[in-house]
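S.K.: If you scroll down you'll find the structure; I have some questions about it.
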Amino acid sequence: MAHPPHRRPDPTSAASLLAGKAASPLQTELSGPNFLDGQFLVAMPGMADERFARSVIYVCAHSADGAMGIIVNKAATDISMPDLLVQLDVAPEADAIRLRERVGHMPVLMGGPVEGRRGFVLHSDDFHIQQSTLIIDDGICLTATVEILRAIASGEGPASAVLALGYAGWQAGQLESEIMANGWLNCPADPALIFNADLDAKYDLALRANGIDPAMLSMTAGRA
């Protein structure tokens, strides 16, 4: 899975994370019965890229020009939501205890290898920022501005949310090729699974929701 050739990693520091509007893939016109936005991609044993082994990805945008999505079952390393809010000056360090009580349960995800310094918040549709929130599907929205973090820190944000650092991106036709090569299973997304705090359980739960026994899948993958 390659980075789009026109896109470079965000050079900004952690203090500028989430500044500005969402990245350009979200501006693409999205329509058509064959596009997968609002669905899950579940990595199959045929996934050739080890970075995405056992990944569950929520597809935020898919068109003839390419696709982008957020890995929803892998944690970012060495960072918690309260610590991140303090680092970004969204909340003062004196509020750290209050933040742990309010948002300590909210995972910070490793959303993908593209623009790993940029943050994306997947959240329920009870929160909306004019011209910044993208409504995806089935009550799920995406917002990539710092204002949503300020709302979350103050207790005025969405009822359900996860923050992801970076995203997964595909060039035109690339995702379709990976699916045809049995790298991904695409299936309906379950909003409850997106916001489930038990990241380790999400992969097996996504498979079982589609009638696949994870143990049998592992046995099949292990055969010569």
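S.K.: Using the Karplus curve 6.51 cos²θ - 1.76 cosθ + 1.60 with θ = phi - 60°, what ³J(HN,Hα) values do you get for each residue of segment 194-203, in whole Hz, with x for Gly and Pro?
M.R.: Residue by residue, segment 194-203 yields 4, 9, 5, 6, 7, 4, 5, 8, 5, 4 Hz.
S.K.: For segment 97-152, what % of the accessible area comes from carbon and sulfur atoms, probe 1.4 Å?
M.R.: Carbon and sulfur atoms account for 47 percent of the accessible area of segment 97-152.
S.K.: Can you tell me the accessible area per residue over segment 138-196, all protein chains present, probe 1.4 angstrom, in square angstrom? Walk me through the intermediate numbers first.
M.R.: Numbers: 2190 Å² over 59 residues.
Here the per-residue accessible area is 37 Å².
The values are calculated or read from the model by the stated rules, or taken from the named source; none is laboratory data. Just so it is clear, the structure is predicted and the values come from calculations on it, not from any experiment. What goes into the accessible areas is simple: the full protein's heavy atoms, side chains included, and nothing from ligands, DNA or RNA. Shrake-Rupley method; radii C 1.70, N 1.55, O 1.52, S 1.80 Å.
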